[in-house]
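Below is one structure, written out as structure tokens; the observations come after it.
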Ligand SMILES: Nc1ncnc2c1ncn2[C@@H]1O[C@H](COP(=O)(O)OP(=O)(O)OP(=O)(O)O)[C@@H](O)[C@H]1O
Ligand SMILES: [Mg+2]
């Protein structure tokens with residue numbers, strides 16, 4: 001069992017995909033090199049491991065146990081340290097003071113005690129540095145040593161170095177590689193990001209090659225040639241980034257089987273906890289009936305809907321007619337569904353509305369989704385965009401297991417649109433299954449872990465390798481092979 005494993009990690013920044021299925025397995029007592037072209041995703045991957053970034057999908061395992069690394073502090077507590085390319089300490093402080101940074105109790109130590117501790121630390125790792133030197137005046141190589149010693153002293157058993165040699169002169173590189181070999185021999189796991197093949201050949205036991213966010217090969221260094229590594233790095237043109245594996249293994253949150261209704265010609269869909277499935281399509285291809293059937297206001301003629309993770313909450317496409325009771329206040333709209341007692345809300349006691357609960361609901365909606373004017377006497381007084389936000393706030397209030405959002409950003413300004421999209425992503429990260437039905441192609445591409453197209457009442461999956469505006473456009477028009485009936 002590997003000491004550390006990152007499996008099938010996906011991470012996007014806006015529309016740019018940094019990681020699209022990266023896997024890295026690290027053994028105890030090895031130096032593992034991470035190789036790849038500029039932009040391949042190396043730094044992003046180690047930042048995920050160090051808790052600086054949260055993955056969109058994928059898992060981290062320590063000794064076979066799945067963990068969520070919440071922050072760099074948490075990473076260190078788990079024994080994972082990262083040495084940045086640039087000095088992260090305080091330049092104006094001495095070496096000894098930098099080594100004591102963040103240590104409980106350190107502020108009360110005198111100069112002599114600090115110096116003594118620093119000497120001990122440096123000796124433990126076989127490094128020479130003057131404890132009294134000002135960190136900011138030291139050469140980069142020595143600043144790097146401070147970082148390494150800090151990470152090790154804070155308990156890092158897994159030490160990740162992101163291009164440590166890029167800033168070093170040749171003799172300093174030698175010293176660094178020797179130190180990494182010593183750490184390996186002492187049982188540490190070392191991850192070395194480097195563009196230099198000779199370094200990798202000299203010190204690494206294994207190498208993993210990343211290309212376009214995916215791991216393409218992981219091999220013992222002894223068995224590979226520079227030519228092979230080069231070929232893996234550059235390779236032939238890859239198909240566009242794939243989809244997260246539908247959070248495979250996660251519980252099925254919503255399943256539609258052979259759903260038929262006027263306008264729906266047999267819809268099959270399986271949605272898992274934590275994933276966003278986006279349905280594109282031109283209005284009038286079944287969006288309305290699908291929404292109504294999911295909302296339970298229209299019964300299907302045949303087929304089944306199974307909600308594995310209730311409740312299902314809906315952000316309806318038509319906020320004026322379906323979404324809100326415009327004569328009620330925003331707060332009343334938020335808690336309306338709880339009056340029947342079905343939603344298990346806390347806004348009503350013995351059938352009476354609690355004013356404090358109403359205020360809390362309004363505050364929450366303002367804070368979480370940025371509803372402006374939530375204190376207004378009637379929802380009618382809100383701008384269209386704020387009515388839309390109110391619908392979203394209400395859906396979130398239900399703490400849904402399945403969230404169906406129909407054109408959730410229609411009519412919203414740029415800032416509100418970004419906020420709503422981020423909220424949907426956050427919901428998915430927290431385990432909610434999100435079904436986005438949207439006529440906005442950009443939104444579908446930005447949010448969907450998987451994308452389908454609704455065409456004449458049928459759901460056509462966009463193939464993992466063919467996700468593009470062109471392909472979606474083709475399917476929206478019932479393109480060449482759009483008739484093929486494959487379940488989504
Ligand atoms: N914070 C960010 N915001 C937007 N895009 C980002 C961000 N961080 C990384 N990216 C993008 O993700 C991709 C992978 O970047 P990453 O820094 O992981 O590459 P790398 O393999 O470390 O490259 P290099 O060898 O140049 O350091 C790039 O396309 C990059 O532009
Ligand atoms: Mg990098």
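What does the C-alpha gyration tensor say about the overall shape of the range 263-320? Classify as rounded when a/c is under 1.5, otherwise prolate if a/b is larger than b/c, or oblate.
Numbers: a/c = 1.29, a/b = 1.17, b/c = 1.10.
Note, shape of the range 263-320 comes out rounded.
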- Message: Report the Cα-based extents of the range 81-213 along its three principal axes, largest first, to the nearest Å.
- Response: 49, 28, 28
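Going by a ≥ b ≥ c, the root eigenvalues of the Cα gyration tensor, does the range 1-86 fall in the rounded group (a/c under 1.5), the prolate group (a/b larger than b/c) or the oblate group?
Values: a/c = 1.38, a/b = 1.31, b/c = 1.05.
Rounded is the answer for the range 1-86, as its axis ratio a/c remains below 1.5.
Nearest 0.05, what FRET efficiency do residue 198 and residue 28 give at R0 = 25 Å with Cβ-Cβ as r? Numbers along the way, then the final one.
Numbers: r = 26 Å, r/R0 = 1.03.
So the FRET efficiency works out to roughly 0.45.
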- Note on the structure: Kirkwood Rh for the range 4-234 from C-alpha pairs, in Å, is 18.2
- Looks like the range 38-124, by Cα gyration tensor root eigenvalues a ≥ b ≥ c and the a/c under 1.5 rounded cutoff (else prolate when a/b is bigger than b/c, oblate otherwise), is prolate
- Task: Just order 56-69, 13-26 by mean Cβ neighbour count inside 10 Å, highest at the front, would you?
- Result: 13-26, 56-69
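Please report, to one decimal in angstroms, the Kirkwood hydrodynamic radius of the range 252-476 built from all distinct Cα-Cα pairs. Show your work: numbers first, answer last.
Details: mean 1/r = 0.0561 Å⁻¹.
Answer for the range 252-476: a Kirkwood hydrodynamic radius of 17.8 Å.
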- Message: Can you order the peptides 202-208, 124-130 by their average number of other Cβ atoms within 10 Å per residue, highest first?
- Response: 202-208, 124-130
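Send over the semi-axes of the range 253-352's equivalent ellipsoid, whole angstrom and largest first, taken as the square roots of 5 times the C-alpha gyration tensor eigenvalues.
Working: eigenvalues 156, 58, 33 Å².
Over the Cα atoms of the range 253-352, the ellipsoid semi-axes are 28, 17, 13 Å.
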- Just the Cα atoms of the range 333-440, one point each, no solvent: what log10 I(q)/I(0) does Debye give at q = 0.13, 0.17 Å⁻¹? -0.49, -0.82
- Before rounding to the nearest 500, sum -39500 (n - 2.57) across all DSSP H runs of length at least 4 in the chain and divide by the residue total; then give [θ] at 222 nm in deg cm²/dmol. -9500 deg cm²/dmol
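List the relative contact order of the range 4-234 as a percent without decimals, with contacts defined as Cα pairs under 8 Å and 6+ residues apart.
Details: 441 pairs, mean separation 68.2, N = 231.
Once divided by the residue count of the range 4-234, the mean separation gives 30 percent.
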- So what is the relative contact order of the chain, in percent, for Cα pairs below 8 Å that sit 6 or more residues apart? 15
- Task: Post the alpha-carbon centroid distance, the range 392-451 to the range 122-148, in whole angstrom.
- Result: 49
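State the percent of C-alpha pairs, over all pairs in the chain, separated by a distance greater than 45 angstrom. Before the final figure, lay out each step's value.
Working: 34209 of 118828 pairs.
Summing the P(r) of the chain above 45 Å gives 29 percent of all pairs.
Bear in mind that the values in this text are calculations on the coordinates, not laboratory data. Predicted, not measured: the structure shown is a model, and the values here were computed from it. Reconstructed Cβ throughout: ideal geometry from the backbone, glycine too, with neighbour counts over all protein chains shown.
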